[in-house]
Amino acid sequence: MANDALEAAFADGPAFVPYLAAGDPDYDSSLEYVEALARGGADVIELGLPFSEPVAEGPTIQDAVVRSLEAGMTPARFFEFVEDLDVDVPLVCMTYYNLIYQYGDEQGPRPFVEKAADVGLSGFVVPDLPAEEADPLREACDEFGLDLVFIVAPTTRGDRLDRMMQRVSGYVYVQARLGVTGARDDVSGQTEQSLDRLEAYDVPKAVGFGIKTGDHAERIVAGGADGIIVGSALVDIVAEGHENGDDAETVAERLESLARELKAGAERGFAQRAPQAERT
Amino acid sequence: MANDALEAAFADGPAFVPYLAAGDPDYDSSLEYVEALARGGADVIELGLPFSEPVAEGPTIQDAVVRSLEAGMTPARFFEFVEDLDVDVPLVCMTYYNLIYQYGDEQGPRPFVEKAADVGLSGFVVPDLPAEEADPLREACDEFGLDLVFIVAPTTRGDRLDRMMQRVSGYVYVQARLGVTGARDDVSGQTEQSLDRLEAYDVPKAVGFGIKTGDHAERIVAGGADGIIVGSALVDIVAEGHENGDDAETVAERLESLARELKAGAERGFAQRAPQAERT
Amino acid sequence: GKFGEYGGQYVPEALMPAIAELTDAYERYVLENEDGFMDEFRRRLRDFGGRPTPTQHAERLSERYGCDVYLKREDLLHGGAHKLNNALGQVLLAKYMGKERIVAETGAGQHGTATAMAAAHLDMPCEVYMGRRDINRQRPNVFRMRLNGSEVTPVTVGRGTLKEAISETMRDWATNVEDTHYVIGSVVGPHPFPAMVRDFQSVISEEAREQMREKTDGLPDSVIACAGGGSNTMGAFAEFVGDESVGLYAVEAGGDSLSVDEEAGVAPNSASLSTGREGVLHGARTKILQDRDGQIMESHSVSSGLDYAGVGPELAHLVDETRVTAVNVDDDAALTAFHRLSQTEGIIPALESAHAFAYLEEHHEELGDSVLVNLSGRGDKDLESVIEETEKRDIDIAPDMTEFAGGF
Amino acid sequence: GKFGEYGGQYVPEALMPAIAELTDAYERYVLENEDGFMDEFRRRLRDFGGRPTPTQHAERLSERYGCDVYLKREDLLHGGAHKLNNALGQVLLAKYMGKERIVAETGAGQHGTATAMAAAHLDMPCEVYMGRRDINRQRPNVFRMRLNGSEVTPVTVGRGTLKEAISETMRDWATNVEDTHYVIGSVVGPHPFPAMVRDFQSVISEEAREQMREKTDGLPDSVIACAGGGSNTMGAFAEFVGDESVGLYAVEAGGDSLSVDEEAGVAPNSASLSTGREGVLHGARTKILQDRDGQIMESHSVSSGLDYAGVGPELAHLVDETRVTAVNVDDDAALTAFHRLSQTEGIIPALESAHAFAYLEEHHEELGDSVLVNLSGRGDKDLESVIEETEKRDIDIAPDMTEFAGGF
């Protein structure tokens, strides 16, 4: 029932999944930035639809959310944004549940999902929607053929992990460490344990939270990840460009350049695990 | 046992009893002022020895107390002051009990009274010493031949009045109205009632609290008082002179002039009650 | 974990195990009194907190309204408001759970000071998140928390008020979830918080119900409590919910007006029950002040303790069920009621609680012969606000404020 | 009306009839419960005031000192200190006496606010005299009195502090004695005030004695209370005076130093029991801070509530009789104890009460196994002073004060 674009993106080698907040710092620049990521080698792009209370985000993405909201981003504008994008990779909408719930004339997730399908989105990541509360959204995704990505935290184990894996589609977002989003200089040892726990489940595992450089990406993928998710390191580039008043083209080039580095890192890491390169 | 100077001062016609705080606003000026009162016709002079907590005084005399204390007045200086005075009328020390109690090497009123007798004082008025607490002072006064004047308030009646009249000597200070010292434009009707209550007691009755002009004095004496006590109206003259920087001689003249007016008023009043002029 | 369609657990995955652990602890310690938890909690509430608080017959208000008005005196609890009931319960529970650290959010500082007191009392390190704007406006409360040994961490994102502080505390919890307990300040948040905070606060109505029986041989006709997040409300109502004869009135902050500026994303009130729409905020489905898209609006009230865009899910449910009547009064009425109670009863109420008294003033004829008002806190914390807000208005019963123009 | 050689009635003659009338009323209503006065008083203390206040075992202090420390929590009384016990008693008595107006003095404002609350509660017009300097330093308390409907009249004479305010209130009383009652704020003044205020405050030790019996099956080895005028002290001691095994410690404010500057008329302390001399002040013979001549000195303490040059005559007598031990601690020790209690027990004490805890810190080894400390009031009123005074000193347990430099 699910969209197969996402699984496909992980099919041949490690997937590079960058994140940007749509409309940060303004609608037109943001279009350019997302397109730059695609040029830089993105296999999937997570597009943030900003919510006023982003409880799962660290300071970098909180600031991006504020910039985007202040520039006038709304769910309706977000769908226009997706339509206006000229990219050839699957897009995942990352947002909070209240925006999904409130969209359209009736309450509940269905109108939002319908519209997302219309504009060509492939799936959702909803950080404040654990598997226990996800059935209505899961049903709407099934109805309209979209994927629902769940986040697996270092603390997710046992029954809860099973419940989530029964509902997930597209890929799982493996949270590399506790806490909120944000680029870090270290990569947590918790990642390996999480990947071990997930080994038995047949779904692509993309690791996020804290990845900042090609070297990080390399180590993560060498450690067994099927993909990497990178947000804050990219959003930092947008924020810096905005503060310094750099033109959008310059910022886009920087994004593309970091994207290439990350993608290359991921591929190096994949090469290192040649012995088990075949996916189980 | 008591000094007979005070009774004598009331013996022939109405007594004019002015009050000043000793040392207000400074030692030398204050000497001149007290002497001016004597020239103005004072029959007895009440000299205030300032206490830091003058609970029975209104704002005028409170301020005088502060000026005198700030100029360095102490009990020891007060006794010097009395010795330095060149007047020929009996002097009564008006002060609060703690100063009397603390004087000298032992606690209790005796050393103070002994010293007062030495320097030639005739008696005491102690506003915070009701008859119930007065026995130690009364005894010391008896020992050294001084008078102890009590204040009769408008609320003093019955047994309490008896108790007080058993202990009083010199004169009684008839408080013309409730409250604290201070010059007023009205003279209270409570005065007459107080004089009525006192009629049976054979001691001179001097009325104080609020007397300001010769006319007041006249009415009070016409109403049956044996004397008038005037403080705030005189202290006002000292305060004004001090504020305006007038020289002591000028201020002394004003004091003498008001004293004459008050004394004359008292005499007019006395003349009016010729029918009962003989004291009972 | 649901109250009708409200409630639930809408939180980041990282917190779900902690919430499961907390749910387990709640069920064992709070509901089943395992290891004598509830006994210890009640003992500490009594000895440290000062419970029971009195239910007082308010003579002059009774005369004014022609009915018997009773006050549940939560203003007399240690710290000056009902907040300690919850803070003490949660910090103690964290100790039973073996946690080593407490985090809490605070708006005006009442929940933060209560948590700091409880944490000092129980020797738990405590960090309180507080919006930068609130920190600047409530410096005495910041100082009190610091005196009690708590860290106070400014939240600079967004507008720097309660909403942002809650989000930030959730982030800390998500980061340090293994050794840290989040002491949420009201009957909001994901399950089990709304039920657990209600249970800790229900000592209010448990005592009041018994005290009313002693004083009047019966139950009140009405119970009135102000409602922001709703913890004093649920505390005051909980034990009366089963008494069908007792009317329950939740008085929300009507603020300046009940209208809403969708464009600016601002609601000039905090009346989530009266004017909000169902949605998901801070972990629970409930009534929320939000714009058409679902973005949370900035709320407003003269009382910072009521100034929140959400409300407890159970209270939303009880209103839907018509067991609780949601009403509101505006800032002017609350401020006037503040002055009236101060003058006629010798009790300076919190501005929050003043809302309940304003409702009594306006509707006493409909409330029956015996009315219980939850006096949720004292007003000492509000003196600066009262000066500022009274100056803006023409309140004829207010004392002459000339001397205090511009604050202390 | 005497306690050994102390006490008496040294007041202007105009007040003597009022004092006789009050003595009569005291004997009938307070001592003999005529017309159920004491019953009504106790009922109002319970319902309006929040009595009984708890006696709390202080766990962390107990651990620190290796003995059982108990706190009598007068900080939880309505208004935040023991002051209401007396104010409510006297205002109620004034009503029974048919008086139509209340006057009171106040220093830092604690007695004034308590009296204003009691007067509002009992619907009595109230005027509070307060030194101009104190008014400027204690504006929140002035505002609270005004909120409760009291007049606050500045006293501008002299230094504008408590001493002058008492004198001025006596003047008002002497002027309006027929319809007015003077609610004096401590166990000072002419008889019957010291005995009457003690009786109203002795509810503290009555409860504490019973609570100690319940908690420990016995009596404490020591009772510690701070002493300024001495009303919380006498309240905490009264019911233990007959228990010879119980040591009673009155902790005075040692201020900067116990020395005295006779020339300047200044005592840099408020330790009348320890350093004062017998004399007569404000209507009673007692221990007084005075110079050689008998002029009253300006006292000093970091705690404005202890800052008074006299002390209750009964307390002076009990010290002479060696039933009560007069001790003192200095400003530094009191301030340190303030911070310690705030951090370790989650209770911010009044600076007055902090003196008792400072004595405990310094002498806990001599106080036995079970120590009761009267926590006479809460410290919210002292926050500004604590900032100012902590900044001046190097108190290692104080929180970082940088953010609060210069006050709120």
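The values are calculated or read from the model by the stated rules, or taken from the named source; none is laboratory data. Just so it is clear, the structure is predicted and the values come from calculations on it, not from any experiment. Note: ideal-geometry Cβ built from the backbone for every residue, glycine included; neighbour counts use all protein chains shown. Only protein heavy atoms, including side chains, enter the accessible area calculation; ligands, DNA and RNA are left aside. Shrake-Rupley method; radii C 1.70, N 1.55, O 1.52, S 1.80 Å.
Close Cβ contacts (under 9 Å, 6 or more residues apart or on different chains) running from residues in the stretch D:242-263 that are free of Cβ contacts under 8 Å to residues at least 60 places away in the same chain and under 25 Å from D:ALA208 (Cβ atoms) to residues that are aliphatic (A, V, I, L, M) and surrounded by fewer than 19 Cβ atoms within 10 Å (Cβ to Cβ) comprise D:ASP243/D:LEU219; D:SER245/D:LEU219; D:VAL246/D:LEU219. Taking the listed residues B:VAL174, B:VAL180, B:VAL126, the one that is farther than 30 Å from D:LEU289 by Cβ and among the β-branched types (Val, Ile, Thr) is B:VAL174, with no other qualifying. Looking only at the stretch C:53-75, which residues are surrounded by fewer than 21 Cβ atoms within 10 Å (Cβ to Cβ), more than 9 Å from every other protein chain (Cβ to nearest Cβ) and either over 17 Å from C:LEU219 (Cα atoms) or free of Cβ contacts under 8 Å to residues at least 12 places away in the same chain (or both)? Answer for the stretch C:53-75, where residues must be surrounded by fewer than 21 Cβ atoms within 10 Å (Cβ to Cβ), more than 9 Å from every other protein chain (Cβ to nearest Cβ) and either over 17 Å from C:LEU219 (Cα atoms) or free of Cβ contacts under 8 Å to residues at least 12 places away in the same chain (or both): C:SER62, C:GLU63, C:ARG64, C:TYR65, C:GLY66. Of the residues A:ASP135, A:ASP128, which is of a type outside the set (Gly, Ala, Ser) and touching a residue at least 40 places away in the same chain (Cβ under 8 Å)? Within the list A:ASP135, A:ASP128, the selection yields A:ASP128. Within the stretch D:337-353, if we keep just the residues that are under 21 Å from D:ASN232 (Cα atoms) and out of contact with any Leu (no Cβ under 7 Å at 6 or more places or on another chain), the residue that is nearest to the other protein chains (Cβ to nearest Cβ) turns out to be D:LEU341. Selection of first residues in the stretch B:63-81 that are away from every other protein chain (no Cβ under 11 Å) and over 17 Å from B:VAL92 (Cβ atoms) and of second residues that are surrounded by 19 or more Cβ atoms within 10 Å (Cβ to Cβ) and at pLDDT below 95, restricted to Cβ pairs under 9 Å at least 6 apart or on distinct chains, gives an empty result.
Output yes when any residue across the stretch A:121-131 is touching a Lys or Arg at 6+ places or on another chain (Cβ under 6 Å), open to solvent by less than 20 Å² (accessible area, probe 1.4 Å), at pLDDT below 95 and within 10 Å of chain C (Cβ to nearest Cβ), and no when none is. Checked against the condition, which is being touching a Lys or Arg at 6+ places or on another chain (Cβ under 6 Å), open to solvent by less than 20 Å² (accessible area, probe 1.4 Å), at pLDDT below 95 and within 10 Å of chain C (Cβ to nearest Cβ), the stretch A:121-131 yields at least one hit. All told, B:VAL44 meets the bar of being among the β-branched types (Val, Ile, Thr), under 22 Å from B:GLY182 (Cα atoms) and more than 14 Å from chain D (Cβ to nearest Cβ).
Of all residues in the stretch C:149-177, those satisfying the criterion of being open to solvent by 10 Å² or more (accessible area, probe 1.4 Å), within 30 Å of D:ALA337 (Cβ to Cβ) and either part of a loop (DSSP other than H, G, I, E, B) or of a type in the set (S, T, N, Q) (or both) are C:GLY149, C:THR153. Within the stretch A:95-116, residues that are more than 10 Å from every other protein chain (Cβ to nearest Cβ) reach no partner that is among the polar types (S, T, N, Q) and crowded, with 24+ Cβ neighbours inside 10 Å with beta carbons closer than 8 Å at six or more positions or on different chains. Residues in the stretch C:3-13: is at least one among the aromatic types (Phe, Trp, Tyr), within 14 Å of chain A (Cβ to nearest Cβ) and either crowded, with 23+ Cβ neighbours inside 10 Å or within 22 Å of the chain's Cα centre (by Cα) (or both)? Yes: the stretch C:3-13 contains one or more residues that are among the aromatic types (Phe, Trp, Tyr), within 14 Å of chain A (Cβ to nearest Cβ) and either crowded, with 23+ Cβ neighbours inside 10 Å or within 22 Å of the chain's Cα centre (by Cα) (or both). When the stretch B:152-171 is limited to residues that are out of contact with any strand residue (DSSP E or B) (no Cβ under 7 Å at 6 or more places or on another chain) and either at pLDDT 95 or above or part of a loop (DSSP other than H, G, I, E, B) (or both), the one that is farthest from B:TYR96 (Cα to Cα) turns out to be B:ARG157. For the stretch C:77-91, indicate whether the set of residues that are surrounded by fewer than 21 Cβ atoms within 10 Å (Cβ to Cβ) and touching a strand residue (DSSP E or B) at 6+ places or on another chain (Cβ under 7 Å) is non-empty. No, because not a single residue in the stretch C:77-91 is surrounded by fewer than 21 Cβ atoms within 10 Å (Cβ to Cβ) and touching a strand residue (DSSP E or B) at 6+ places or on another chain (Cβ under 7 Å).
Of the residues that sit in the stretch A:60-89 and are outside any loop (DSSP other than H, G, I, E, B) and surrounded by fewer than 16 Cβ atoms within 10 Å (Cβ to Cβ), which one is farthest from the chain's Cα centre (by Cα)? The extreme case among them is A:GLU70.
Among the small types (Gly, Ala, Ser) and under 15 Å from the mean Cα position of the chain (by Cα): does that describe D:GLY294?
no
Would you call A:TYR96 within 15 Å of the chain's Cα centre (by Cα), at pLDDT 95 or above and farther than 28 Å from A:GLU267 by Cβ? Here the answer is yes, as A:TYR96 does meet what is asked.
Can you find a residue that is in a helix (DSSP H, G or I), open to solvent by 10 Å² or more (accessible area, probe 1.4 Å), away from every other protein chain (no Cβ under 12 Å) and not polar (S, T, N, Q) anywhere in the stretch A:143-151? Yes, the stretch A:143-151 contains a residue that is in a helix (DSSP H, G or I), open to solvent by 10 Å² or more (accessible area, probe 1.4 Å), away from every other protein chain (no Cβ under 12 Å) and not polar (S, T, N, Q). For residues that are touching a helix residue (DSSP H, G or I) at 6+ places or on another chain (Cβ under 6 Å) and not in a helix (DSSP H, G or I), tally how many sit in the stretch C:125-148. Number of matching residues: 6. Taken over the stretch D:119-140, the residue count meeting the criterion of being touching a residue at least 60 places away in the same chain (Cβ under 8 Å) and either buried (at least 24 other Cβ atoms within 10 Å of the Cβ) or acidic (Asp, Glu) (or both) is 3. Condition check for D:TYR308 on (1) at pLDDT 95 or above; (2) open to solvent by 10 Å² or more (accessible area, probe 1.4 Å); (3) in a loop (DSSP other than H, G, I, E, B); (4) of a type outside the set (D, E, K, R): one failure, at (1).
Taking each residue of the stretch C:391-402 that is closer than 19 Å to D:VAL142 by Cα and looking for partners that are at pLDDT 90 or above and open to solvent by 60 Å² or more (accessible area, probe 1.4 Å) with beta-carbon atoms closer than 7 Å, six or more apart or interchain, yields C:MET401/C:GLU391.
Only one of the numbered conditions (1) open to solvent by less than 30 Å² (accessible area, probe 1.4 Å); (2) in contact with a Ser or Thr (Cβ under 6 Å, 6 or more places away or on another chain); (3) over 30 Å from B:GLN107 (Cβ atoms) is violated by D:SER202, and that is (2).
Matching residues to (1) at pLDDT below 95; (2) part of a helix (DSSP H, G or I); (3) aliphatic (A, V, I, L, M):
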site	(1), (2), (3)
D:LEU22	no, yes, yes
D:ASP35	no, yes, no
D:MET38	no, yes, yes
D:ARG46	no, yes, no
D:GLY49	no, no, no
D:ASP75	no, yes, no
D:ASN86	no, yes, no
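For the stretch D:264-308, a tally of residues being away from every other protein chain (no Cβ under 14 Å) and without any contact (Cβ under 8 Å) to a residue 12 or more places away in the chain returns 0.
Residues in the stretch A:23-64 that are within 25 Å of C:GLY283 (Cβ to Cβ), touching a Lys or Arg at 6+ places or on another chain (Cβ under 9 Å) and of a type in the set (A, V, I, L, M, F, W, C): A:VAL55, A:ALA56.
Only one of the numbered conditions (1) closer than 17 Å to C:THR115 by Cα; (2) over 22 Å from the mean Cα position of the chain (by Cα); (3) in a helix (DSSP H, G or I) is not met by C:MET16, and that is (1).
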